[in-house]
Amino acid sequence: MTLDDLAGQVGTAPSQLSLIENGHREPRLTLLQAIATALGVELATLLDAEPPSRRDGLEIALDAAQRGPLYAALGLPRVRAGKRLPTEALEALVGLHTELARRSSEASATPEEARRANTELRRAMRARDNYLEEIEDAAEALLVTVGYSSGPLTHRTVEQLVSHLGFSLHHARDLPSSTRTVTDLEHGRIYLPPASLPGGHGLRSLALQAVAHRVLGHTHPGTYADFLRQRLEISYFAACVLMPRHAATEFLLAAKRNRDLAVEDLRDAFGVTHESAAHRFTNLATSQLGITVHFARVGRDGTLYKGYENDDVDFPTDVTGAIEGQTVCRHWTSRTVFDHNDLAGEFHQYTDTPSGTYWCSAQTGQGADGDFSVTLGVPFAAAKWFRGRESTSRSVSRCPDPTCCREPSADLTAKWRGAAWPSAKLHTHILGALPSGTFPGVDDAEVYAFLEAHAPR
Ligand SMILES: [Zn+2]
């Protein structure tokens, strides 16, 4: 029956019926009754939301999917869900449409989006001097409940704190490889990896990060940016508990008065890793001590893994403004520390850069992804508050001027271009742009210096 046939039988215009059919207009009850009579069905059948048959349901679903913006964007022809379309074809089309909708709504971040989100978050944190008062407050309120006063937070206290929040800690050897911890909300259990070292520091932090999602009222992250922000907030919370604002600030203010500030002292006073202490220092430096700072975690190859600054130090960036994965200047403390480190203490250096002179303190360590350095730096004028200010190590960085350390010298280039054949490593971390030398992914300056050092004389 065509629209015209039915319109003739119920005494209305075909255009009116079309509006009703497509859901643009509600029919009057009398018209509805007339349609039911013309079609030979009960009025109730017309009002039933359930499709009369599976085949009808598929036809409706296909029609709806093809009208959507997702399908329209593909610029493909519409398939008419008429009688001649076999049911298998209909099933297949509806199945594909359903999957297409699912995939497009999935919060899937491309590396590009991830880098942009990271950059936005870093800028937002810079605007707040890397200090989140509401999380500091939440952590302090919680510490009161377990009677904390000062010094390092023991595993026992962490356990009490977690149990105060209604959770218990359990170690599991078979945690899913893509997770750090898993929380069973139903039974209030937090599963952690086994303690690799008795009393390993990392576990307190992992347990605190797991409960932080609850404390901070996190809901399912809808976007990659949400996920990142939550990730930042839970590590911030863990740091606030392990190095509480009040106790840590008191400690740092006393050290500042004695002109004896040192990341290693903060680390030892609160029993945390050097990196955690350096990072925590950036939270409190500006807000509590009035000192602007920068922080960097850099691999032995110069790759910047993490960075924060509010002292205008010039981190290398890519076109999107992202710093992660970029290579820092060869003359920065983050890299010279690998040549000077006595393997025990911190290394201090003054570096002249186009944005000013900085005093930096760096320490090296070994991580799962190789050697790395952790650097905390301050503008020259603030060096007077720190232990190690008497350092005689000095360096000059002209980066981002490529002739500073990125390009090999003219004579080395003349000598080795064409005579060097390096085979590039495939980077497992695709954080950033690969160095672009004569060979993709290869740093010419490094290659030429190597050849120069090893060439037979
Ligand atoms: Zn440089």
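Taking N as the residue count of the chain, its C-alpha radius of gyration divided by 2.2 N^0.38 Å amounts to 1.41. Expressed as a whole percent, how much of the Cα-Cα distance distribution for the range 210-259 exceeds 12 Å? Roughly 68 percent, once rounded to a whole number. For the range 107-251, the Cβ-based charge dipole about the Cα centre amounts to some 360 debye (Lys, Arg positive; Asp, Glu negative; other atoms uncharged). Listing Met243, Met1 from fewest to most neighbouring C-beta atoms within 10 Å gives Met1, Met243. Between the helical axis of 201-215 and the longest alpha-carbon principal axis of the chain there is an angle of about 40 degrees.
Along the axis of the charge dipole computed for the chain (Cβ charges of +1 for Lys and Arg, -1 for Asp and Glu, origin at the Cα centre), the listed residues Gly222, Gly345, Val79 are led at the positive end by Gly345. With angles folded into 0 to 90 degrees, how steeply does helix 87-105 sit against the dominant principal axis of the chain? Use alpha carbons for both and round to 10. It is inclined by approximately 30 degrees. Counting only aspartates and glutamates at least 8 places from Lys425 when in the same chain, those with an alpha carbon closer than 14 Å to its own are Asp301, Asp443, Asp444, Glu446. Look at the dipole of the chain built from charges on Cβ: of Gln9, Gly147, Pro316, the Cα furthest out on the positive end belongs to Pro316.
In terms of the Cα gyration tensor, with a ≥ b ≥ c the square roots of its eigenvalues, is the range 109-237 rounded because a/c is under 1.5, prolate because a/b exceeds b/c, or oblate? It comes out oblate by the Cα gyration axes. By definition, a body whose alpha carbon gyration tensor gives a ≥ b ≥ c is oblate when a/c is 1.5 or more and a/b is not larger than b/c, and the range 344-407 fits this oblate description. Against the longest alpha carbon principal axis of the chain, how many degrees, from 0 to 90 and to the nearest 10, is the axis of helix 29-39 turned? Once rounded, the angle reads 70 degrees. Taking the Cα centre of the chain as reference, the dipole from Cβ charges on Lys and Arg (+1) and Asp and Glu (-1) amounts to some 540 debye. Among Ile60, Ile35, the ranking by other beta carbons within 10 Å of each residue's beta carbon, starting with the fewest, stands as Ile60, Ile35. Report, in whole Å, the centroid distance computed from the Cα atoms of the range 1-63 and the range 124-158. Rounded to whole Å, the Cα centres lie 64 Å apart. Only lysines eight or more places from Lys256 in sequence, or on another chain, were considered; those with a Cα closer than 28 Å are Lys306, Lys384.
Extent of the range 148-221 along its three principal axes (Cα atoms, max minus min coordinate, largest first): 34, 29, 21 Å.
Protection proxy ranking, highest mean first, for peptides 292-303, 365-376: 292-303, 365-376, where packing is the per-residue count of other beta-carbon atoms within 10 Å, averaged.
Spatial offset of the range 304-347 relative to the range 250-264 amounts to 24 Å, using the alpha carbon center of each.
Rounded if a/c is under 1.5, else prolate if a/b is larger than b/c, else oblate: which is the range 209-368, with a ≥ b ≥ c the root eigenvalues of its Cα gyration tensor? Oblate, because a/c is 1.5 or more while a/b does not exceed b/c.
The modelled label-to-label distance for the pair Glu407/Arg67, using points 7 Å beyond Cα in the direction of Cβ, is 6.2 nm.
Length gained on full extension, Leu32 to Ser150, computed as 0.36 nm times the residue gap minus the Cα-Cα distance: 34.8 nm. Estimated at 0.36 nm per residue, the fully extended path between Leu3 and His246 surpasses their Cα-Cα distance by 79.8 nm.
What the pair-distance distribution of the range 1-129 shows, using all Cα-Cα distances binned every 10 Å from zero, is 10, 26, 26, 16, 9, 8, 4, 0 percent. Have a look at Leu376, Ala420, Gly290 and report the one farthest towards the positive end of the charge dipole of the chain, computed about the Cα centre with Cβ charges (Lys/Arg +1, Asp/Glu -1). Result: Ala420, furthest along the dipole toward the positive end. Potential lengthening of the chain between Ala141 and Thr223 amounts to 26.5 nm, from the contour at 0.36 nm per residue minus the alpha-carbon distance. What you get for the range 281-335, charging only the Cβ of Lys and Arg (+1) and of Asp and Glu (-1), is a dipole of about 280 debye around the Cα centre. For a modelled paramagnetic label at Asp371, 7 Å from Cα along Cα-to-Cβ, the residues of the range 297-326 in reach, with backbone nitrogen under 19 Å, are 297-306.
Throughout, read-outs are computed from the coordinates displayed, never taken from laboratory work. No experiment lies behind these values; they were computed from the predicted model shown. Cβ atoms come from the backbone with ideal geometry, glycine included; neighbour counts cover every protein chain shown.
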